[in-house]
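Participant: One structure is given below, represented as structure tokens, and several questions about it will come after.
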Amino acid sequence: MSKITATAPTKVILTGEHAVVYGKQAIGAALNLPTTVSLTIHSNSSNPGICLEMKEQFFYISWEEAAERRGEISTKGILSLLTLKVYPENPTDLFEYKIDISLPLGCGLGTSASLCVAVSGVLLKSKNPDATPEQINNLAFEGENCIHGKASGIDNTIVTYGGILSFKDGQITPVEFDDSKAKILLVSSGVPKNTGKMVKGVANQLAMYPGLTEGIFHSIDCLSKNLVTALEAQQYDHVKELLKINHGLLWSLGVSSELLNDIVNTGLKYGIKGKLTGAGGGGFCLFFVTDEDTAGFLQECASHGWNVIEASLTHYGIKFELS
């Protein structure tokens with residue numbers, strides 16, 4: 001009996017939300033807010049099946065129940081799906097998972113992708129130590145499709161490989177950057193994201209005002225190209241300005257809100273530039289910070305009840321430890 005542990009980052013979208021669906025460039029980055037999954041396989045167990053310990057949650061399900069639940073949009077469903085994909089016939093073993101998450105599932109920062117990648121990693125590596133990142137990413141994508149219906153594959157790819165990645169028309173390109181120069185402040189609006197509603201709203205705007213909306217998409221595409229150049233040249237003042245402009249473009253697509261605008265404008269009051277991140281409507285705003293004094297901004301966020309998480313960009317994707 002041995003234990004294998006995988007640690008996978010979460011992620012943030014820097015630019016390109018919504019526009020990427022229409023063939024424009026998007027930039028995503030891995031965050032040092034990880035999900036850790038440990039797997040111990042107990043052979044010939046008296047209680048074969050799957051068990052999970054995660055924070056205060058604990059459950060056990062038999063293999064029969066796992067077969068019924070796989071594909072269900074729940075932690076049980078995802079663990080069942082991925083476990084049975086790798087070990088389709090394992091009636092006498094107990095798969096014991098222990099999961100530690102830095103962020104709540106469903107918060108819009110790639111937590112489901114982080115979970116799927118880490119679980120896929122421990123499963124594939126437990127069966128084949130030579131399992132590749134590509135194999136892990138492909139299995140995690142199946143889990144993401146189960147959760148989201150039709151996933152883009154962006155989140156799980158960022159989480160698997162780490163770093164900053166550029167996406168356009170199915171092409172993925174790494175972006176060079178220095179992860180020691182900046183930190184990311186994530187400010188929660190406290191409002192759940194509503195991806196489906198936002199995606200539908202953008203599609204409706206495109207149908208009603210095609211030329212105008214295509215123009216916004218083109219501007220986002222151009223902005224993403226400029227962001228890559230600025231990141232690689234360590235021109236961080238340009239990075240911050242581009243993120244501020246991106247927020248305005250997302251507002252023009254109708255995916256911001258009064259509250260998200262308030263958060264971004266509060267940052268501007270203190271010379272801290274940022275944008276909403278993700279689908280919009282709720283979720284988080286991100287702020288790219290280098291040498292700014294953030295004390296006043298953090299104090300005002302606290303006065304409004306906006307939770308702030310400090311993070312860093314990371315080059316690391318999934319990592320493993322055997323014990």
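The values are calculated or read from the model by the stated rules, or taken from the named source; none is laboratory data. The shown structure was predicted, so the numbers you read here are calculated from the model rather than taken from an experiment. Cβ placement follows ideal geometry from the backbone for every residue including glycine, while neighbour counts extend to all protein chains displayed.
Participant: Name the residue, out of K240, K244, K193, K168, that is farther than 25 Å from I263 by Cα, surrounded by 14 or more Cβ atoms within 10 Å (Cβ to Cβ) and in contact (Cβ under 8 Å) with a residue 24 or more places away in the chain.
Facilitator: On the way: K240 fails: farther than 25 Å from I263 by Cα; K244 fails: farther than 25 Å from I263 by Cα; K193 fails: farther than 25 Å from I263 by Cα.
Only one candidate passes the filter, namely K168.
Participant: Sticking with this one: Just to be sure before I move on: is L81 within 25 Å of T157 (Cα to Cα) and either in the same structural domain as G282 (by TED's automatic domain parsing) or not in a helix (DSSP H, G or I) (or both) in the structure I sent? I'd like the intermediate steps shown before the answer.
Facilitator: On the way: within 25 Å of T157 (Cα to Cα): yes; either in the same structural domain as G282 (by TED's automatic domain parsing) or not in a helix (DSSP H, G or I) (or both): no.
No, not satisfied.
Participant: Considering only the range 273-314, state which residues are within 23 Å of the chain's Cα centre (by Cα) and charged (D, E, K, R).
Facilitator: Residues satisfying the conditions are K273, K275, E310.
Participant: Further question on the same structure: For the structure I just gave you, tell me whether F320 is assigned to a strand (DSSP E or B) and surrounded by fewer than 17 Cβ atoms within 10 Å (Cβ to Cβ).
Facilitator: Details: assigned to a strand (DSSP E or B): yes; surrounded by fewer than 17 Cβ atoms within 10 Å (Cβ to Cβ): yes.
It is true that F320 is assigned to a strand (DSSP E or B) and surrounded by fewer than 17 Cβ atoms within 10 Å (Cβ to Cβ).
Participant: Name the residue that is nearest to L14 (Cα to Cα), counting only residues in the range 191-233 that are over 21 Å from the mean Cα position of the chain (by Cα) and of a type in the set (G, A, S).
Facilitator: My answer is A230.
Participant: Can you give me the number of residues within the range 5-21 that are touching a Pro at 6+ places or on another chain (Cβ under 9 Å) and surrounded by fewer than 24 Cβ atoms within 10 Å (Cβ to Cβ)? Quick ask: steps written out before the conclusion?
Facilitator: From the range 5-21, those touching a Pro at 6+ places or on another chain (Cβ under 9 Å) are 7-10; that's our starting set.
The next check asks that each one be surrounded by fewer than 24 Cβ atoms within 10 Å (Cβ to Cβ); those that pass are 7.
Total meeting the criteria: 1.
Participant: I'd like to know if the range 188-199 contains one or more residues that are assigned to a loop (DSSP other than H, G, I, E, B), farther than 23 Å from A295 by Cα and basic (K, R). Even if it seems obvious, please write down each step before you answer.
Facilitator: If we filter the range 188-199 for residues that are assigned to a loop (DSSP other than H, G, I, E, B), which is where we start, we get 189-194.
Subset that is farther than 23 Å from A295 by Cα: 191-194.
After this cut, where a residue has to be basic (K, R) as well, the list is 193.
The answer is yes; a qualifying residue exists.
Participant: Got at least one residue in the range 261-275 being part of a strand (DSSP E or B) and crowded, with 22+ Cβ neighbours inside 10 Å? Break it down stepwise before answering.
Facilitator: Residues of the range 261-275 part of a strand (DSSP E or B): 274-275.
Applying the additional criterion that residues be crowded, with 22+ Cβ neighbours inside 10 Å yields 274-275.
Yes, that holds for at least one residue.
Participant: Taking only pairs six or more apart or across chains, which ones have beta-carbon atoms under 9 Å, a first residue in the range 46-67 that is part of a helix (DSSP H, G or I), and a second residue that is exposed (fewer than 13 other Cβ atoms within 10 Å of the Cβ)?
Facilitator: W63/P91
Participant: Ok, one more. Those residues that are among the polar types (S, T, N, Q) and within 26 Å of the chain's Cα centre (by Cα), I need them from the range 49-80; list them, please.
Facilitator: So in the range 49-80, the residues among the polar types (S, T, N, Q) come out as 57, 62, 74-75, 80.
Q57, S74, T75, S80 - these are the residues of the range 49-80 that are among the polar types (S, T, N, Q) and within 26 Å of the chain's Cα centre (by Cα).
Residue by residue, here is whether (1) out of contact with any Lys or Arg (no Cβ under 9 Å at 6 or more places or on another chain); (2) under 28 Å from H315 (Cα atoms); (3) not assigned by TED's automatic domain parsing to the domain that holds C146 holds:
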| position | (1), (2), (3) |
| --- | --- |
| I13 | yes, yes, no |
| L39 | no, yes, no |
| N47 | yes, no, no |
| M54 | no, yes, no |
| Y97 | yes, yes, no |
| S102 | yes, yes, no |
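Participant: Among the candidates V255, V228, which residue alone is over 25 Å from T294 (Cβ atoms), touching a strand residue (DSSP E or B) at 6+ places or on another chain (Cβ under 6 Å) and at pLDDT 95 or above? Lay out the reasoning, then the answer.
Facilitator: Numbers: V255 fails: touching a strand residue (DSSP E or B) at 6+ places or on another chain (Cβ under 6 Å).
Only one candidate qualifies: V228.
Participant: Something else: Among the listed residues T83, T160, T132, which satisfies the condition of being under 16 Å from the mean Cα position of the chain (by Cα), polar (S, T, N, Q) and at pLDDT 95 or above?
Facilitator: Values: T83 fails: under 16 Å from the mean Cα position of the chain (by Cα); T132 fails: under 16 Å from the mean Cα position of the chain (by Cα).
Answer to the check: T160.
Participant: Modelled with pLDDT under 95 and of a type in the set (K, R): is that true of K200 in this structure? Working first, answer last.
Facilitator: On the way: modelled with pLDDT under 95: yes; of a type in the set (K, R): yes.
Yes.
Participant: Please go through the range 200-232 and pick out each residue that is aromatic (F, W, Y) and farther than 23 Å from L165 by Cβ. Write out each step before concluding.
Facilitator: So the first thing to find is which residues in the range 200-232 are aromatic (F, W, Y), and the list is 209, 217.
Scanning the range 200-232 gives a single hit, Y209.
Participant: So which residues in the range 252-295 are touching a Phe, Trp or Tyr at 6+ places or on another chain (Cβ under 8 Å) and among the acidic types (D, E)?
Facilitator: Selection gives E292, D293.
Participant: Further, regarding this structure: Only one of these is surrounded by fewer than 18 Cβ atoms within 10 Å (Cβ to Cβ), at negative phi and at pLDDT below 90: S74, S62. Name it. So that I can check it myself, show each step before the final result.
Facilitator: Details: S62 fails: at pLDDT below 90.
Unique residue meeting the criteria: S74.
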